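Visitor: Following this message is one structure expressed as structure tokens.
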Amino acid sequence: MSFLTLFILFAIGAYVFQLVLGLFQVKHFNKIYRELREQGKVAIGRRAGKIKAGTIVMFAIEDDGKILDARLMQGVTVLSKFRRLEQYIHQDLHFIDSYHPLVRKENKLTQEAMENAREIYLKVSVGDYVEEPAQTPLGQLGTTINVYGSMLKNKIRGSV
């Protein structure tokens, strides 16, 4: 066999392996979600990681906003699992923000995911939540180009 054939077979094998591990991670996510859903409403916050670790936080909450259970999954690989956050149980989700003393002890990605969960919970509670479609990488590039173009135009206008 040639080197190219071996490389292609290896790449396909690695892709299939990652796909299988990803399916196990989705199965684990669904299991934890069901466990939390049995306790009450579930607030989910996420912070997508491109180069850094991605973060998902889930809170099982009562109708008044008290946290019954809290879980966190953070990592770069599909081997990441949820772990329980005992310190947030019996806290009020309404006050989980960057000023909360427990949240301040967490890393930046976890803080952002927790604030995202709180924001979405509040919007859903008010009936003001609309799921925004995720932007494709090409769409993100277009937005970035437009922003830099506008900044350049403003600098040119300011210097004239």
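The values are calculated or read from the model by the stated rules, or taken from the named source; none is laboratory data. Because the structure is a prediction, the values reported are computed rather than measured. All Cβ positions, glycine included, derive from the backbone under ideal geometry; neighbour counts span all protein chains shown.
Visitor: Do you know which of the residues in region 60-84 that are surrounded by 14 or more Cβ atoms within 10 Å (Cβ to Cβ) and among the aliphatic types (A, V, I, L, M) is farthest from GLU35 (Cα to Cα)?
Guide: Per the stated criteria, the residue is VAL78.
Visitor: Out of region 119-152, which residues are in contact with a strand residue (DSSP E or B) (Cβ under 7 Å, 6 or more places away or on another chain) and of a type outside the set (Phe, Trp, Tyr)? Talk me through it step by step, then tell me what you get.
Guide: Here is the first cut: in region 119-152, the residues in contact with a strand residue (DSSP E or B) (Cβ under 7 Å, 6 or more places away or on another chain) are 120-121.
Selection gives ILE120 alone.
Conditions tested, residue by residue: (1) modelled with pLDDT of 85 or more; (2) assigned to a helix (DSSP H, G or I).
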site	(1), (2)
GLN74	yes, no
LYS81	yes, no
ASP97	yes, no
THR110	yes, yes
ALA113	yes, yes
PRO133	no, no
LYS155	no, yes
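Visitor: Within region 94-125, take every residue that is of a type in the set (Lys, Arg) and exposed (fewer than 15 other Cβ atoms within 10 Å of the Cβ) and give me the one that is nearest to GLU62 (Cα to Cα).
Guide: Kept after step one, since they are of a type in the set (Lys, Arg), are these residues of region 94-125: 104-105, 108, 118, 123.
Adding the requirement that they be exposed (fewer than 15 other Cβ atoms within 10 Å of the Cβ) leaves 104-105, 108, 123.
Details: ARG104: 24, LYS105: 24, LYS108: 26, LYS123: 16 Å.
Filtering first and then ranking leaves LYS123.
Visitor: Still on this model: From the list GLN39, GLN91, GLN87, pick out the single residue that is surrounded by 18 or more Cβ atoms within 10 Å (Cβ to Cβ), touching a residue at least 12 places away in the same chain (Cβ under 8 Å) and polar (S, T, N, Q).
Guide: Values: GLN39 fails: surrounded by 18 or more Cβ atoms within 10 Å (Cβ to Cβ); GLN87 fails: surrounded by 18 or more Cβ atoms within 10 Å (Cβ to Cβ).
So the residue among GLN39, GLN91, GLN87 that is surrounded by 18 or more Cβ atoms within 10 Å (Cβ to Cβ), touching a residue at least 12 places away in the same chain (Cβ under 8 Å) and polar (S, T, N, Q) is GLN91.
Visitor: Okay, moving on. Take region 1-14 and flag every residue that is exposed (fewer than 10 other Cβ atoms within 10 Å of the Cβ) and part of a helix (DSSP H, G or I).
Guide: PHE3, LEU4, THR5 - these are the residues of region 1-14 that are exposed (fewer than 10 other Cβ atoms within 10 Å of the Cβ) and part of a helix (DSSP H, G or I).
Visitor: Sticking with this structure for a sec: When both residues are 6+ apart or on different chains and their Cβ atoms are under 8 Å apart, which pairs have a first residue that lies in region 113-125 and is over 15 Å from SER98 (Cβ atoms), and a second that is buried (at least 22 other Cβ atoms within 10 Å of the Cβ) and hydrophobic (A, V, I, L, M, F, W, C)?
Guide: Pairs found: ILE120/ALA43; TYR121/ALA43; TYR121/PHE59; TYR121/ILE61; TYR121/LEU93.
Visitor: From ILE56, ILE32, grab the single residue that is in a helix (DSSP H, G or I) and buried (at least 18 other Cβ atoms within 10 Å of the Cβ).
Guide: On the way: ILE56 fails: in a helix (DSSP H, G or I).
Exactly one of ILE56, ILE32 is in a helix (DSSP H, G or I) and buried (at least 18 other Cβ atoms within 10 Å of the Cβ), namely ILE32.
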